[in-house]
Amino acid sequence: MDDVITSYLLAMDELNVLTATSYYLADGEDLQAKIAQIVDDVLSLLIRAYRLGVEHASIMIAYELTVKTDKMQAAIYQVIEGKDFTDRVADHVQTGGLAGLQALVESEFHRVYNTAVADGVQEFVDEGNFGVEKVWHTMGDEKVRDTHVYLEGKAVAVEDEFYTYDGDHAPYPGRFTKVENNANCRCILTYRRAV
């Protein structure tokens, strides 16, 4: 499991550099052309996040999974508060905020990765396999919010949700009902076949 977590962390570490490179190298005749180029670059990162998530799900449950493009598209283009990732990227580029764009890309990568892992494991379960648990992992540093520290190491059945002490709940990181429990979250789950 350590290899999965390390691989995820390395991918997250690269995001700020890749986002900054995209931001500074994007050119075009006008702002819309710059936005389109950055959106295309971010889309590539989100496709990578989904593929990595499915790959990691395969490793965790020792079962060959494939990327379902319809599920990948749904995860990437999920509408949150009336906007998909393309709208949010455009907002940050228009305001000239690289730091905000980097935070957005990290959040989107995190959300898409965790969705992909959950989708992959759900495919395994839908094929009649039972007895899968999921375990919550934080980054273990001072940036982890108290409601997530509370969840560190907790294991639940794959169909169950995690509950925080403030009454919020989620099937996996990035899917809480309260925005404050999703924004800038870096937590991930590992999955295992229950013994």
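The values are calculated or read from the model by the stated rules, or taken from the named source; none is laboratory data. In this text the structure is predicted, and so the values were computed from the model without any measurement. No Cβ is skipped: glycine too gets one built from the backbone with ideal geometry, and neighbour counts run over all protein chains shown. The accessibility values were calculated without ligands, DNA or RNA, using every heavy atom of the protein model including side chains. Shrake-Rupley method; radii C 1.70, N 1.55, O 1.52, S 1.80 Å.
A few remarks follow.
- The sole residue among R192, R175, R111 that is over 24 Å from D2 (Cβ atoms) and among the basic types (K, R) is R175.
- When A99 is tested against (1) surrounded by fewer than 19 Cβ atoms within 10 Å (Cβ to Cβ); (2) among the hydrophobic types (A, V, I, L, M, F, W, C); (3) in contact with a strand residue (DSSP E or B) (Cβ under 6 Å, 6 or more places away or on another chain); (4) more than 18 Å from E55 (Cα to Cα), only condition (3) is not met.
- Residue list for region 1-10, filter: assigned to a helix (DSSP H, G or I), open to solvent by 30 Å² or more (accessible area, probe 1.4 Å) and not acidic (D, E): I5, T6, S7, L9, L10
- Condition met for E106 (out of contact with any strand residue (DSSP E or B) (no Cβ under 6 Å at 6 or more places or on another chain), assigned to a helix (DSSP H, G or I), open to solvent by 50 Å² or more (accessible area, probe 1.4 Å) and not basic (K, R)): yes
- Test result for D141, among the charged types (D, E, K, R), loosely packed, with under 12 Cβ neighbours inside 10 Å and modelled with pLDDT under 90: yes
- Within region 172-190, the set of residues being assigned to a helix (DSSP H, G or I) and out of contact with any strand residue (DSSP E or B) (no Cβ under 8 Å at 6 or more places or on another chain) comprises V179, E180.
- Residue count for region 49-101 under the criterion of being farther than 25 Å from G120 by Cα and either under 14 Å from the mean Cα position of the chain (by Cα) or among the acidic types (D, E) (or both): the result is 3.
- Filter result (in contact (Cβ under 8 Å) with a residue 24 or more places away in the chain, over 16 Å from M60 (Cβ atoms) and in contact with a helix residue (DSSP H, G or I) (Cβ under 7 Å, 6 or more places away or on another chain)) within region 146-164: T147
- Across region 11-34, the number of residues qualifying as surrounded by fewer than 16 Cβ atoms within 10 Å (Cβ to Cβ) and over 20 Å from the mean Cα position of the chain (by Cα) comes to 10.
- Residue count for region 41-53, restricted to those that are over 13 Å from T19 (Cβ atoms) and out of contact with any helix residue (DSSP H, G or I) (no Cβ under 8 Å at 6 or more places or on another chain): 0
- Restricting attention to region 60-92, the residues that are more than 23 Å from V158 (Cβ to Cβ), assigned to a loop (DSSP other than H, G, I, E, B) and open to solvent by less than 40 Å² (accessible area, probe 1.4 Å) total 1.
- Filtered residue count, region 112-145, keeping only those that are among the hydrophobic types (A, V, I, L, M, F, W, C), in contact with a helix residue (DSSP H, G or I) (Cβ under 9 Å, 6 or more places away or on another chain) and within 25 Å of Y77 (Cβ to Cβ): 6
- Residues (among the β-branched types (V, I, T) and at pLDDT 95 or above) located in region 79-88: T86
- One residue stands out among those in region 135-165 that are assigned to a strand (DSSP E or B) and touching a Ser or Thr at 6+ places or on another chain (Cβ under 7 Å): the one that is nearest to Y191 (Cα to Cα), which is V135.
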